[in-house]
Structure formats: C-alpha cells, structure tokens
Amino acid sequence: MNGPYQGIVQALARNGNGESSMRTSPPSVIAETISRAIKANRPRTRYVVGAMARPLIYVRRLLGDRIFDHVLASMVR
C-alpha cells in the first residue's frame, strides 16, 4: 500500500499479525455508509463511521491537531 497513511496501516498490521489492538469495524459498515450517502437527497458533509471514529474525534478535539498528529506519528515509529 502506498499513500499518506501507509506508515500507520503498516504499524497496525504489524501489531498482532494484522489484528489491531484497537476495536475495528468490518468494511461493510463503511460500504453501507457510502451507499447511504450516494443515495441521499442531501448528503452530509462528513459521516462519523466505525468503532473508533467518535473516540478519535473526541481525543483530537481534546488534544488539538498538533499533539494529535504527533501521537499518530509516534504510532508508526
């Protein structure tokens, strides 16, 4: 996988042979949300989806962008 999230994805994959210590959601949850957004007459700008989405948004607000980014970057080291 290439892209801006490559390091984080690889770090999560290394953690327990592909199993993340964080709670994850099946891809179908994301697919269903995308389908709803496509079919919506007035789709929302953002959709909070997945087991860790709300807690991560809360932590980001609590810490601020700079510290939150630092924490994410430290996960891939």
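Okay, residues lined up against (1) within 21 Å of Gln6 (Cα to Cα); (2) without any contact (Cβ under 8 Å) to a residue 12 or more places away in the chain; (3) of a type in the set (S, T, N, Q):
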residue: Ile30; (1), (2), (3): yes, no, no
residue: Ile38; (1), (2), (3): no, yes, no
residue: Ile57; (1), (2), (3): yes, yes, no
residue: Gly64; (1), (2), (3): no, yes, no
Exercise. Of the conditions (1) without any contact (Cβ under 8 Å) to a residue 60 or more places away in the chain; (2) surrounded by 13 or more Cβ atoms within 10 Å (Cβ to Cβ); (3) of a type outside the set (D, E, K, R); (4) within 24 Å of Gly7 (Cβ to Cβ), Leu72 clears all except one; give me its number.
Key: (1)
Exercise. Kindly indicate the residue of the stretch 31-61 that is of a type in the set (Val, Ile, Thr) and within 19 Å of Ile8 (Cα to Cα) and also surrounded by the most Cβ atoms within 10 Å (Cβ to Cβ) among those meeting that condition.
Key: Val49
Quiz item: Taking into account only those residues within the stretch 67-77 that are closer than 22 Å to Gln10 by Cβ and assigned to a helix (DSSP H, G or I), which is modelled with the lowest pLDDT?
Solution: Met75
Quiz item: Which of the residues spanning the stretch 30-57 are assigned to a loop (DSSP other than H, G, I, E, B), modelled with pLDDT of 90 or more and among the aliphatic types (A, V, I, L, M)?
Solution: Ala40, Val48, Val49
Quiz prompt | Residue ID - farthest from Met75 (Cα to Cα), chosen from residues in the stretch 4-29 that are modelled with pLDDT of 70 or more and either in contact with a Phe, Trp or Tyr (Cβ under 9 Å, 6 or more places away or on another chain) or part of a loop (DSSP other than H, G, I, E, B) (or both) | solution = Pro26
Quiz item: Quick one: would you say Gly64 is more than 13 Å from the chain's Cα centre (by Cα), exposed (fewer than 12 other Cβ atoms within 10 Å of the Cβ), at pLDDT below 90 and not aliphatic (A, V, I, L, M)?
Solution: no
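The values are calculated or read from the model by the stated rules, or taken from the named source; none is laboratory data. All of these numbers come straight from a predicted model, not from anything done at the bench. Note that we place each Cβ from the backbone using ideal geometry, even for glycine, and neighbour counts take in every protein chain shown.
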